[in-house]
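Worksheet: the structure to be examined is printed underneath.
The values are calculated or read from the model by the stated rules, or taken from the named source; none is laboratory data. None of the values given here were measured: they were computed from a predicted structure. So basically every Cβ, Gly included, is an ideal-geometry build from the backbone, and we count neighbours across all protein chains shown.
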Amino acid sequence: MELKYKIQGGNFNRAGYASSEVKKVLKQLNVDPKIIKRIVVALYEGEVNIVAHAFNGLATVTIDAEKIKIVLKDSGPGIPDVEKAMELGFTTASPAVREMGFGAGMGLPNMKKNSDFMEILSTVNVGTEVVLMNYFSK
C-alpha cells in the first residue's frame, strides 16, 4: 500500500495531516500501538520540518507486511551540515516559527529516535530527502 501527502511550506494549519491519516490506516491494519506511536511521531516531526523550512514537500508512505517506509522529500534550502542538524537543540528555524512553538531543534533527533532506520540526503539550495523505516516485528 502506498500513500502520498503533499506538504505546503509555511502552512502550519495542515502540519500533522499526513501523520494523522497514517495513524488511522495503521490502526485499521491492527499494527501494535507502540509501533504506531513511533511512526506517527517520526512522520509528524518530518512534516513540521518541511512546513517550517521548505517551500513544499511530499510524504510517501509505503506499508507492507514487514515494515513501513516513509520518504519525506522537499524543495527548499537544504541542510548545509546534517551532522550539526542532528544535534539536540540545534535549529535554523526563523524567529516567527519559534514564536509559534516550533523550531526547538528536536525534529531530526526525534525522527531518528522513533525510527529503526533513518537516512538524510540534502543538497543546499535544492532540498532534502529523509528516508525512515520502522519494522513491525520489533
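Of note:
- Test: residue in the range 49-63 that is more than 22 Å from ARG14 (Cβ to Cβ), touching a Gly at 6+ places or on another chain (Cβ under 9 Å) and polar (S, T, N, Q): no
- Residue in the range 11-25 that is modelled with pLDDT under 95 and of a type in the set (Lys, Arg) present: yes
- Lone qualifier among ILE120, ILE63 - being hydrophobic (A, V, I, L, M, F, W, C), modelled with pLDDT of 95 or more and within 14 Å of the chain's Cα centre (by Cα): ILE120
- Qualifying positions in the range 95-133 - out of contact with any Ser or Thr (no Cβ under 6 Å at 6 or more places or on another chain) and in a strand (DSSP E or B): PHE117, MET118, GLU119, ILE120, LEU121, THR123, GLU129, VAL130, VAL131, MET133
- Residues of the range 91-111 that are touching a helix residue (DSSP H, G or I) at 6+ places or on another chain (Cβ under 8 Å) and at pLDDT 90 or above: GLY107, LEU108, ASN110, MET111.
- Residues (assigned to a helix (DSSP H, G or I), farther than 18 Å from SER115 by Cβ and either in contact (Cβ under 8 Å) with a residue 60 or more places away in the chain or not hydrophobic (A, V, I, L, M, F, W, C) (or both)) located in the range 1-56: TYR17, SER20, GLU21, LYS24, LYS27, GLN28, HIS53
- Listed by first and then second residue, the pairs linking a residue in the range 89-109 that is of a type in the set (Ser, Thr, Tyr) to a residue that is surrounded by 18 or more Cβ atoms within 10 Å (Cβ to Cβ) and assigned to a loop (DSSP other than H, G, I, E, B), with Cβ atoms under 7 Å apart and 6 or more places separating them unless they lie on different chains, are THR91/GLY103.
- Single residue of the range 46-93 satisfying the filter (crowded, with 22+ Cβ neighbours inside 10 Å and among the β-branched types (Val, Ile, Thr)) that is farthest from LEU29 (Cα to Cα): ILE79
- Residues of the range 80-94 satisfying the condition of being outside any loop (DSSP other than H, G, I, E, B) and touching a Ser or Thr at 6+ places or on another chain (Cβ under 9 Å): VAL82, ALA85
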